[in-house]
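J.: The following block contains the structure, expressed as C-alpha cells.
No value in this document is a laboratory result; all are computed from the given coordinates. What you are looking at is a predicted structure, and each value in this text was computed from that prediction instead of being measured. Positions of Cβ are generated from backbone atoms using ideal geometry, with glycine treated the same way; all protein chains shown enter the neighbour counts.
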Amino acid sequence: MTAVMDSPDIEDSGEIEEKKVSAIRRIRPKEFKPSDVVILLLTLAASYSIIWIIFAQLTLLSGALGFVVLWIPTFLFLYWFVNRQMFTRQVAVDRLIGSIVTLGAGIMMLPLVMLTIFVFQKGLPLLSWDVLTKTQQGVVYTGPSGNNIGGVAHALVGTIEEVAIAAAIGIPAALLTAVFINEVGGRFTKSVRVVVTAMSGTPAIVAGVFIYSIWVTKFHYSGFAGALALAIILLPTVTRGTEEVLKVVHNDLREAAIALAAPEWRTVWSVVLPTARSGLITSVLLGVAISIGETAPLIMTIFGNQVMNANPFVGPQMGLSLLSYKQIKLPIQSQIDLGYTSALVLFVLVFGIFILARILGAQRKGSGGGRRSLLSFVRWTPGSALEPNESAVVKKEEFSSD
Amino acid sequence: MTSELAPSPLKLANKRSNEDRLFRGVTRGAGLATFVILALIGVFLFIEALPAFRSQGWRFLTNTGWQTTGAHPQFGVLSALSGSIIIAVIGLIIAIPVSISCALFINEYAPDTLLRFIPFKNFLTAAVDLMAAVPSIIYGMWGFFILQPHMVGLEKWLSTFFGSLGIFQNTSGAYTSSFFIAGTIVGIMCMPIITSLCREVFSLTPSGEREGAMSLGASRARVIRDVVFPFSKGGMIGSIMLGLGRALGEAIAVAIIIALAFPLNFHVVQAGGNSIAALIALQWGAGGNLGTSALLAAGLVLFILTLIINMIASRIVNASKMAGR
Amino acid sequence: MTNEENMTEVLTGETDRRVASSATASPTSLRVDGVTAAELHAKGVHAWFGERMVLENVDLVMERTKVTALIGPSGCGKSTFLRILNRMHEIVPGASLAGSVDLDGEDIYDPNQRAATIRRHIGMVFQRPNPFPAMSVRDNVLAGLRFNRIKSKHKDEIIEEALTKAGLWSEVRDRLKDMGGALSGGQQQRLCIARALAVKPAVLLMDEPCSALDPGSTLRIEQTVKEIAHEVTVVIVTHNMQQAQRVSDKTAFFLSQDGNPGYIVETGKTEDIFARPQDPRTADYVQGRFG
C-alpha cells in the first residue's frame, strides 16, 4: 500500500469498499464552520458600514483605493475583536492571521487581473489584420489624428528576430554553463555560480548600456545589438534554472552511465539532459518569456525606427515593447491606442510562451519540473542547498505506510 | 619491500579521452565566459564613462543637476541615486507584507482544490509566475493610466494628515508622477519575485518540526511564527534583497510614471523625482556625447550598487543556512 | 504535592477557563478539568487518503493509565490510526475519515472542538526525534506552553518535572541552554517526550518512538513509558514485538492484506495476544512468520 496508488486492482477494490461503506458519514474536519462564515460576513458588513460613514466625513480621502485602504484595517480589527469575545484569544489571533494572509493573496492577484483586463480592453479595439501587417512608414505624428495610424508589423518582426538571436546565443551558453557548474565542476564552480547570481541581479538597463559601450559605439544601432543585450539577460536566468533541473537528476543514472564506460560528454548528452528535458524546456521558455518583454535595454541598442527592417544586422530595428513605450508618449490618442495594441500583442506572446512552458514542463511527473514554481528556476542563491520539494503525494504515502 | 615505507595512497591516473577533454574545455570556457562578461561590463562602462568622470571628478557622486551640454557642464548622480533608493524602499514596504502573506496563503492556507476540481494551489502559483513574466512596459502603462488616478486621492490624504512628518509634505500641489506612485508600481512588480522565492523557502520547512508543534496544540498562526519563520529567516531576507535589486534597477515603469526632476527631493507624494535607471531611459539620445557618457557613468553606479546588494544577500542567505543546519 | 497543584492551576488557568466559558455555547466542553489520564475510545473508525481507503471499521478502547500497543506489518494503517487519535490525520491533503474518537466520553471530532485544543490534550511523540533545532532544551520543553499561551511562574519546576519524567533531567540539568539539536538521538527523543509531557496531556501517542534509536536509548525510553503510564494513557505503535511485550498492558494487532484497508484482527491483554492468540494470523505474526 505504498506506491501502488495508480495500480488498477487497488483502484477496483477501493471502489468496492466505497460502495460497501457508502452509508458511513465521512468527516473532513474543518476549523471554519458555517457559523464562522456568518461571523465573517457580519464583520465585513459592519466594517464596511463604519468606513462608509466615516468616509462620508473624510471626503479628502477620495476614491475606491482610499476606501479599501481604510476598510481593511477596520475589518481586521473588528474581526479580531469579535472572535476575541466569542472564542479564545488564540482563535482570534489565528483567524486574524488567516484573514491577513488571505487578503495578501487577494491584493497580490488584483493587479494581475486588472492588468489583463486593462491590456485587452485598451488594445483589442484597434487590433486587426491591417495593424498586424502594416508598419509606421509614412505616419506623421504631428498631424491631425485619424486615418493613418500605421501598424506594428515592423516591431513584431524586430521582436521575433531579436529574441530568436538572443536565444540562439544565450541558451547554448546557459546550458553549457549549467553543465559546467553541475556536471563538470572544478575549482571555479563556486565562483561561476556567484558570478551568475550577480549577473541575474544586474538590471536590464545595465545590460543595455553595456552593449552600447562595447558594440553600438563601434557598429552602430542594430537588432543584433539588442539581441546581445537580451542574451545577457537570458543567460543567468536560464543557467540558474537549468542548474536546478540538473540537480534533480538522480546520481544513480550518472553512475550507471559511467559504469557502462560512457564518456563524460555522452553521459551528459544522452542521460542527464534527456532525463531533465521537460524541466529544461520550462527554464528555457521562461527565460525567453522574460527577455521578450524587456524594454529598457532596447532603447540604447536597437534604437527603434518606423519602417520595416528585416535585417537585424544593419540599421535600427523596432521591438514591440519599445514601440509601446514610444507610442504612449505621443500626444495623439490614436497613436497611444496603437501603443496599447502593441502591448497587447506582446502580452499575448508572453502569455503564450508561458502557457507552453507550463504544459511542456508538467508533462512528466518524475522529472521534478512539473509541480514546482517556474520561478524557482530563477533561484539565485549561490550554492543553493535547497532540496526539491517533496510532493504532497510522497508525503501521503509516508503517512499511510505507517 | 621494507617496513619503513609508510603506506601511501595510490595515485590514480585518470586519462580522459580527447572528446572528453574537448567537452570539459568547452563547458569550462562557457563557465569562465560569465566571469569575462561581468568584468567587461565594469571595464567598458568605465571606459565609456571616463569623459563624464573627467568632466566632473568626484562631484559626479555629489552633484544633483544634469546639465551635460554647454560650456560649463554640471551633472551628478546624487539625486538619481537617492531617488532609486526611495523608490525601492517604498516598493519594498508595499511588497514585503503582501508577498509574505501571499506566500503563506499559498503554502499554509490555500486548499489544494477549490470546489473539488479547480487546482487552486497550482493555479495561484502559476498566476504569481505569470505576474513575474508580464513585461514592465505593461506595468508602467497600467500604473500610469489606471493606478495613478486612484493613488492621487490617497496621496492627498497622506499629505493632509501626515504632511507634518516631512516626507509626506506636498509643496507644489501636484500629486501625480510622484515617488509614491512609482514606488507602488515597482513594489507590485517585485511582489511575484519575493512571493515565489518565499513560498519555495516556506515549503522546505521540515515536516517533523511542523508536526511536532501541531501535536503540542499550536495553531496555524503559531506554527507559522514559531516554526516556519525561524526556519525561513535567511531565505526570506535573501528574497527581499533580490527584490531590492530588481526594484533599484527598474527603468521603464518608473520612466513612464515619474516626472524627471533633478533637485534632491524627499517629498514622496509630490510630483517629480528621479532614478538612475529611469534617468538613463529618459535621457538617452539627449545631451550630446558628454550626456551619453554621463548616462553610462550612472549605469556603472547602478551596476556596482546592485552587485554589492547581491553579494551581501547571498552572504546572508549562506550564513543563515549554515546556522540552520 | 503543591508543585503538582500549582501546575494544575497553571494549566487550567486562562485558556481553559475560556474553553469553559465558551462551553455554554457549545454542547461539549472538552476536559476543562485538565490533567488526569483519560480513556480514549475509537468507534467505527475508517480512514481514506483521497478515494483510497486505508483503515476500515476500527474499534478500540485505550484504557486509562494503561499502555496500549498497536502492532502489525508495515502499511497496515497503525500510524494512520494513531494520527487519527489526535487529529493529525486531517493535515494530510486529501485525507478524510469516518467514525468517532471519544476522550472520556467526548467526541474529539465534534464540530465544536478545535483541533489545536485536542492536540494539546492528546500529545504525540514521532518516529524521528523532532526537537525544535533553533530552541534551547529549556525552550523546547516549554514550547507547548508557549504555543498555547499558558503563562506560568513555575517554569523551572515544570521543566524539571517533565525532564525527570522523561528520564533526561540528570543528563541535561546543566545543559538547559544548549540547543535542542545538540543532544544525541536518544536524548532528543526523550526531550520530545518531555516536551509532550510538559503540557500535561491526558493521552500520549507514540509512533514507533524507538525505531531511529540504538538499543540503549530504546531501553531508556521503554522505562520512561512504563513510568509515565501511571498518570497518562499511552498508545504506542511498534514494530518490535519484544517491545510491545515489555511495555504494554494491552495489544491490538492490525493487518491489511493485498492492498485492502487495514483493520484490527485481534485485541486483548498483551500476554494473551502473545501467549494465546485466538486468531491464526495473529499467531503467525507474533511468532515472526511474516511481517
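J.: What average count of beta carbons from other chains do you get within 10 Å of the Cβ of residues in A:185-196?
T.: Mean number of neighbouring Cβ atoms from other chains: 4.
J.: Now a separate question. Among A:Ala46, A:Phe77, A:Thr102, whose Cα lies farthest out toward the positive end of the dipole of the stretch A:27-122, if unit charges sit on the beta carbon of Lys, Arg (+1) and Asp, Glu (-1)?
T.: About the Cα centre, the residue reaching furthest to the positive side is A:Thr102.
J.: Quick one: C:Asp214, C:Asp102, fewest Cβ neighbours within 10 Å first, how do they rank?
T.: C:Asp214, C:Asp102
J.: Add -39500 (n - 2.57) for each DSSP H run of 4 or more in the protein assembly as shown, then divide by its residues: what number comes out at 222 nm, to the nearest 500 deg cm²/dmol?
T.: Rounded to the nearest 500, the figure is -18000 deg cm²/dmol.
J.: Okay, next question. Rounded if a/c is under 1.5, else prolate if a/b beats b/c, else oblate: with a ≥ b ≥ c from the C-alpha gyration tensor eigenvalues square-rooted, which is chain B?
T.: Cα axes put chain B in the oblate bin.
J.: First measure r as the distance between the Cβ atoms of B:Arg59 and A:Ser191, then evaluate 1/(1 + (r/R0)^6) with R0 = 22 Å and state the FRET efficiency to the nearest 0.05.
T.: 0.05
J.: Does the stretch C:214-291 come out rounded, prolate or oblate, given a ≥ b ≥ c as the square roots of the eigenvalues of its C-alpha gyration tensor, rounded meaning a/c under 1.5 and, failing that, prolate meaning a/b above b/c?
T.: prolate
J.: Using R₀ = 22 Å, calculate the FRET efficiency as 1/(1 + (r/R₀)^6) where r is the Cβ-Cβ separation of A:Lys329 and A:Ser128; round to 0.05.
T.: That pair, A:Lys329 with A:Ser128, gives E of 0.40.
J.: Using a basic spin-label model with each label point 7 Å from the Cα along Cα→Cβ, how many nm lie between B:Ile312 and B:Leu204?
T.: Result for the modelled spin labels: 2.2 nm.
J.: For helix C:2-11, what angle does its Cα long axis make with the longest principal axis of chain C, in degrees from 0 to 90 and rounded to 10?
T.: 80 degrees
J.: Hey, can you grab everything whose amide H is under 5 Å from the amide H of B:Leu114? Only 5+ residues off in sequence or another chain; H modelled, so Pro and N-termini drop out.
T.: Residues meeting the amide H criterion: B:Phe120.
J.: Can you pull out the chymotrypsin sites (Phe, Trp or Tyr not before Pro) in the stretch C:91-156 whose DSSP state is coil and whose Cβ has at most 11 other Cβ atoms within 10 Å?
T.: Sparse-neighbourhood loop chymotrypsin sites (Phe, Trp or Tyr not before Pro): none present.
J.: Looking at the protein assembly as shown, send over the antiparallel percent of its DSSP beta bridges, to the nearest 5.
T.: Of the beta bridges lying entirely in the protein assembly as shown, close to 60 percent run antiparallel.
J.: On to the next question. P(r) for the protein assembly as shown: what percent of alpha-carbon pairs falls in each 10 Å bin, starting at zero?
T.: Here the calculated profile for the protein assembly as shown is 2, 10, 17, 20, 18, 15, 11, 6, 2, 0, 0.
J.: Here's another thing I want to ask about it. Report the charge-dipole magnitude of the protein assembly as shown in Debye, nearest 20, computed about the Cα centre from +1 at each Lys and Arg Cβ and -1 at each Asp and Glu Cβ.
T.: Using Cβ point charges on Lys, Arg, Asp and Glu, the protein assembly as shown gives about 2160 debye.
J.: Just to be sure I understand the model, the point goes 7 Å from the Cα along the line to the Cβ. What's the resulting C:His230 to B:Val43 distance in nm?
T.: 8.0 nm
J.: How well do other chains shield peptide A:168-176, expressed as the mean number of their Cβ atoms within 10 Å of each residue Cβ?
T.: Average per residue, whole number: 2.
J.: Distance in nm between label sites at A:Ala164 and B:Leu264, each 7 Å beyond Cα in the beta-carbon direction?
T.: If labels sit at A:Ala164 and B:Leu264, their model points lie 5.2 nm apart.
J.: First select every other residue whose beta carbon is under 12 angstrom from the beta carbon of C:Ser170; then total the charges, Lys and Arg +1, Asp and Glu -1.
T.: +1
J.: Something else now. Once the dipole of the protein assembly as shown is set up with Lys and Arg at +1 and Asp and Glu at -1 on Cβ about the Cα centre, which of A:Phe118, C:Asn148, C:Ser211 lies farthest towards its positive end?
T.: Sorting the options by dipole projection puts first A:Phe118.
J.: May I ask for the net charge around A:Thr267, where only other residues with Cβ less than 14 Å from the Cβ of A:Thr267 are counted and Lys, Arg are +1 while Asp, Glu are -1?
T.: -2
J.: Answer rounded, prolate or oblate for chain C, using the Cα gyration tensor with square roots of eigenvalues a ≥ b ≥ c: rounded when a/c is under 1.5, else prolate when a/b is larger than b/c, else oblate.
T.: Since a/c reaches 1.5 but b/c is at least a/b, the shape of chain C is classed as oblate.
J.: Next question. Could you compute the FRET efficiency for B:Ala174 and B:Phe123, with r as their C-beta to C-beta distance and R0 at 60 Å, rounded to 0.05?
T.: Computed FRET efficiency for B:Ala174 and B:Phe123 comes out at 0.90.
J.: Placing unit charges on C-beta atoms (Lys and Arg positive, Asp and Glu negative, everything else neutral), compute the dipole magnitude of the stretch B:80-288 about its Cα centre in debye, rounded to 20.
T.: 200 debye
J.: Evaluate the charge dipole of the stretch C:165-291 about its Cα centre and quote only its size in Debye, nearest 20, assuming +1 on the Cβ of each Lys and Arg and -1 on the Cβ of each Asp and Glu.
T.: Magnitude of the dipole: close to 400 debye.
J.: Give, to the nearest whole percent, the P(r) tail of the stretch C:112-155 beyond 17 angstrom, counting all Cα pairs.
T.: 44 percent
J.: For a quick check: sort B:Trp66, A:Trp269 by the number of other beta carbons within 10 angstrom, fewest at the front.
T.: Lowest to highest Cβ neighbour count: A:Trp269, B:Trp66.
J.: What number comes out for the charge environment of A:Phe224, summing +1 per Lys or Arg and -1 per Asp or Glu over other residues with Cβ under 12 Å away?
T.: Residues close to A:Phe224 contribute a combined charge of -2.
J.: Looking only at the stretch B:74-90, which residues have a backbone nitrogen under 20 Å from a spot 7 Å from the Cα of B:Phe162 in the C-beta direction?
T.: B:83-90
J.: Towards the positive end of the charge dipole of the stretch C:107-186, with charges on Cβ (+1 Lys, Arg; -1 Asp, Glu), say which of C:Ile122, C:Leu163, C:Pro111 has the farthest Cα.
T.: C:Pro111
J.: OK, next. From Cα pairs below 8 angstrom and at least 6 apart in sequence, can you work out the relative contact order of chain B, rounded to a whole percent?
T.: 27 percent
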